[in-house]
1. Quick one: if the Förster radius is 45 Å, what FRET efficiency do Ala151 and Arg123 give, using the C-beta to C-beta distance and rounding to 0.05?
2. For Glu206 and Glu36 in the same chain, what is the full-extension length gain: residue separation times 0.36 nm, less their Cα-Cα distance, in nm?
3. What FRET efficiency do you get for Arg227 and Arg159 if R0 is 25 Å and r is their Cβ-Cβ distance, rounded to the nearest 0.05?
4. For region 143-287, what is the percent of antiparallel DSSP beta bridges, rounded to the nearest 5?
5. Take the alpha-carbon centre of region 23-85, take the same for region 175-214, and report the distance between them in whole Å.
6. How much length, in nm to one decimal, is gained on full extension between Glu47 and Ala215, taken as 0.36 nm per residue of separation minus their Cα-Cα distance?
7. Give me the number: length gained by fully extending Asp170 to Ile188, i.e. 0.36 nm times residue separation minus the C-alpha to C-alpha distance, one decimal in nm.
Amino acid sequence: MSVVVAAPQDGPLAMICGGGSLPMAVADLVRARGREVVLFPLVGAAEGLPVERYRHHWIYIGQISKFMRLARAAGCRDVVFIGAVIRPSPWHTRFQLRDLLLLPRALKAFRGGDDHLLSGMARLLEDEGFTLRGAHEVAPQILAPEGVMGAAQPGEADRTDTAFGMAYLDAASPYDIGQAVVVANRHILAVEAVEGTDQMLTRVAELRSNGRIRAAKGGVLVKAPKRGQDRRFDLPSIGPQTVEGAARAGLAGIAVVGGATVVAEADTLVANADRAGIFILGLPPGSSP
């Protein structure tokens, strides 16, 4: 039986939502452009989001058939993954009876890093007639611009640390570890892994308070997509909480790739950065790994 795929940007948009401020920000931007949104918040990740503002259906990670059934009933063909999710074990995932036919492919997707997992799940949904979209495709306003956002300016040492961090992320890309690193004086202070950026910054703040990092202040949080990453999902992101974490960690600034980084609550982010004296730098797209 052939599956008919709807034209791009046609019909309601299905959004599979994790935690954080990004899902609702993207949903609001999409609706402001005149498109209906149907949210699929994930149990264990999206609690606390004001999803009642939209038509929504709570689902567990692994309930693939339930998602497809509800999305089709709502007329959705385009799908966006957005928000923070703690990677589950496949054995702690809520598969249903109807998912058993898809189970071998789902388990195969779990065998690898996050990018491998997301790519595998994307292929599975696309084979069922859905089209995976990047959040930036449906809400392009969320991407970081090139140049400095805010009043604080990076110094020469900051730009050197930024280049050093970008070089590290480029070299680490094949290992699918993380998308962020903290660098000070060409010395790597911390590398993002499964804990995420916020917890990494907390670790840097603790190291500073314990005297493990001698300089009281300085350093740059550098974020970039992995080399060859599928940019429809899991683009690096920053928001007001990132700025707060960088300030607690005593960093001088944050450097990201313009046009390849999602910015949540940009006005609040810039205001917080200006208040903390932290620079926000958007690098040219060619700087990406």
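1. On the way: r = 44 Å, r/R0 = 0.99.
Result of the calculation: an efficiency of 0.50.
2. Working: separation 170, 0.36 × 170 = 61.20 nm, distance 4.39 nm.
So the extension gain works out to 56.8 nm.
3. Details: r = 21 Å, r/R0 = 0.86.
So, using R0 = 25 Å, E works out to roughly 0.70.
4. On the way: 11 of 21 bridges.
Approximately 50 percent, going by the DSSP bridge assignments.
5. A separation of 32 Å, based on Cα centres.
6. Values: separation 168, 0.36 × 168 = 60.48 nm, distance 3.84 nm.
Contour length minus Cα-Cα distance gives 56.6 nm.
7. Details: separation 18, 0.36 × 18 = 6.48 nm, distance 1.41 nm.
The Asp170-Ile188 span can extend by a further 5.1 nm.
The numbers here are math on the coordinates, done by the rules we state, and not lab data. Values in this document were obtained by computation on a predicted structure and should not be read as measured data. Here the Cβ is made from the backbone with ideal geometry for all residues, glycine too, and neighbour counts use every protein chain on show.
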